[in-house]
Structure formats: C-alpha cells, structure tokens
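Here the structure is laid out as structure tokens; the discussion comes afterwards.
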Amino acid sequence: MRGIVLASIVLPSAFMLGGCLAKAAVGAVTAPVRIASGAVDLATTSQSEADEKRGRELRQREAQLGRLERRYADEMRDCSDGDRRACDKARQTYGEIQVLLPSVPAAPEPR
C-alpha cells in the first residue's frame, strides 16, 4: 500500500519536473537569440518611427514659427506706437523668423 501511495506522488512529480527542465533548457538555448533580436530592434529605426519623429519635429518648428510671428506682430504694433525698443526687438524677431522659415515646408494650396 505504501508503495502505491509513493508511486502516485513520485511518478507525477517526475513528469512535472522533467517538463520544467526541458522548458528551462529551451529557454537557455533561445535566450541569446531573443536578446540579440531585441538589441537589433532597439538599434534600428523603422520607417514609421522615422516618419513620426520627422512629423513631431516639423510640428515643433511650425509651433515655434507661430509664436515668433505673434511676437513679431505685437512688437510691430508697439513700434508703430513709437516704441524704439519694440522696433529693435521686432527686427531681431524678424531675423529669427527668417532663419526658421526655410526649415518649415510651405502649406499645400487649397483645392
């Protein structure tokens, strides 16, 4: 009787332990491949990621251009009211706009 109880406990344990060992062996063998492919994936940029990055940079430049144009309009308004400092600031802002403008593509013409 004791042998039957022992066999009913030990036999399933051996199968479960064998499966664990096999799974660990497969994991150990495939780990270098998974690590290398992960490193390659991190090192390369897909086309969609590059497009997203370019779009993000473009939107940031457009936002900066919008801020500069609003500031320039305010400074020109103050300049026309006779504020000499505002005229100097407007010239400086206009220069910043001219530097930034070539990096922002023209808006498409409406249809």
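Quick rundown of the values:
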{"read-out": "S80-E49 pseudo-label distance in nm [points 7 Å out on the Cα-to-Cβ vector]", "value": "5.0 nm"}
{"read-out": "Inter-probe distance in nm under a simple model that places probes 7 Å from Cα toward Cβ, at D88 and S103", "value": "2.7 nm"}
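Just so you know, all these numbers are worked out from the coordinates, no wet-lab data involved. No experiment lies behind these values; they were computed from the predicted model shown. Here the Cβ is made from the backbone with ideal geometry for all residues, glycine too, and neighbour counts use every protein chain on show.
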